[in-house]
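Notes to accompany the following structure.
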Amino acid sequence: MDKPRPRFATITQADGARLSLDTIESCPDPTDWVLEDVSGWYGGSGVRRQVTDRYGHGSFMGPGFRDGRYMTVKGAVRCSSTVERDWQERNLSGILGDGRTGTLWVDDGETQLSTEVGLDGAPQVEKAGTHALVFQIPLVSESPYLFGETREITLFPPGSGVGFEFPPFSRDLGQGPIITFGTERQETAYIWNDGNAAASEVFTVVADSPAGFIVGHGRYRVTYPWPTFQNVPVEVDMAGAVRIGGVDQTHRVGERGWAAVEPGTIETPFLRFIDGGTGWATVRSRDTYI
């Protein structure tokens with residue numbers, strides 16, 4: 001019989017403080033945080049849809065949308081002393097106590113995923129003897145999705161690196177400065193999704209372009225037909241939003257070919273300028289699960 005793989009869970013608060021638990025037995029020095037379960041990590045997200053009665057038998061069903069995810073971190077802490085136990089009891093009572101959201105990260109032995117969470121009720125903490133506590137921390141996430149680590153690539157538009165170069169600004173190719181037209185970048189970048197739910201990539205365009213740009217993958221494209229500047233990056237979230245400096249600018253978008261990377265697929269993203277320009281884009285993507 002295969003030995004169960006260790007499991008890990010970490011709650012990171014907005015201020016950076018962390019509570020880390022695992023299934024590895026160890027001696028308390030001064031504490032040993034034991035992970036029992038994260039209920040709701042599988043399943044945990046309901047479905048809502050509008051249902052209208054038919055004139056006859058049956059009903060009309062609208063599209064289904066997943067609710068947020070409800071989870072409970074269950075565990076125990078073994079302490080080296082009663083004083084330490086009392087101290088940790090107070091710390092557990094105040095976890096995520098500032099009202100802000102934190103991050104729940106779980107390694108179940110197969111995948112390492114995370115989601116943004118907030119408290120969904122009072123933490124339940126009970127004493128177990130003189131040196132231990134058992135607890136349950138109820139959490140809720142506004143998203144039904146769990147996300148893998150972010151991957152980032154850099155894109156350049158077609159023709160990038162090509163341009164008339166002349167002394168004294170040209171490159172020295174071993175024969176002294178000469179006139180050249182540069183060398184076009186030939187790299188092909190890919191994004192992929194190993195999860196089981198569609199994943200939307202995020203472009204951050206850093207460019208000087210008088211007429212704007214086009215980003216997308218495959219047959220899907222989003223156009224931003226406005227002047228851009230390298231000191232003012234434009235973020236295009238392919239889930240359906242454009243932001244500049246954190247401010248929503250989606251109303252300025254032209255073509256709206258919002259798209260996602262389907263589970264188990266690979267895509268080739270692109271960046272093009274509408275009427276010339278210089279710059280690049282970074283693309284962030286991550287495996288997405290439900």
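Nothing in this text is a laboratory measurement; each read-out follows from the coordinates by a stated rule. Not measured: the values here are computed from a predicted model. Note that we place each Cβ from the backbone using ideal geometry, even for glycine, and neighbour counts take in every protein chain shown.
Structure summary
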quantity: Peptides 265-274, 11-20, 57-66 ordered by average Cβ neighbours within 10 Å, highest first; calculated: 265-274, 11-20, 57-66
quantity: Amide H contacts under 5 Å for residue 143, placed H, 5+ residues apart; calculated: 69
quantity: Computed P(r) (all Cα pairs; region 58-110; 10 Å bins; percent); calculated: 14, 31, 27, 14, 9, 4, 1
quantity: Nearest-ten-degree value, helix 82-93 long axis tilted from longest Cα axis of the chain; calculated: 50
quantity: Spin-label model distance (nm) - residue 275 vs residue 116, 7 Å beyond Cα toward Cβ; calculated: 3.7
quantity: Rg to Rh quotient for region 1-54, alpha carbon positions, Kirkwood Rh; calculated: 1.25
quantity: Positive minus negative residues near residue 285 (Lys, Arg vs Asp, Glu; Cβ under 11 Å); calculated: -3
quantity: For region 212-225, 3J(HN,Hα) per residue [Karplus equation, 6.51 cos²θ - 1.76 cosθ + 1.60, θ = phi - 60°, Hz, x = Gly/Pro]; calculated: x, 8, 10, 10, x, 8, x, 8, 9, 8, 10, 10, 10, x
quantity: At 1.567 mPa s and 4 °C, Stokes diffusion of region 8-144 via Kirkwood alpha-carbon radius, µm² per second; calculated: 78
quantity: Principal axis dimensions, largest first and in whole angstrom, of region 79-155 by Cα; calculated: 57, 27, 19
quantity: Fraction of the pair-distance distribution of region 210-290 above 14 Å, Cα-Cα pairs, percent; calculated: 63
quantity: Per-pair calculated FRET efficiency, R0 = 25 Å: residue 18 and residue 130 via Cβ, rounded to 0.05; calculated: 0.40
quantity: Share of alpha-carbon pairs per 5 Å distance bin for the chain, given as whole %; calculated: 1, 5, 9, 11, 11, 11, 10, 9, 9, 7, 6, 4, 3, 2, 1, 0, 0, 0
quantity: Over the chain, relative contact order from alpha-carbon pairs under 8 Å, at least 6 apart, %; calculated: 17
quantity: Rounded Å value of the spacing that divides the Cα centres of region 214-236 and region 76-147; calculated: 41
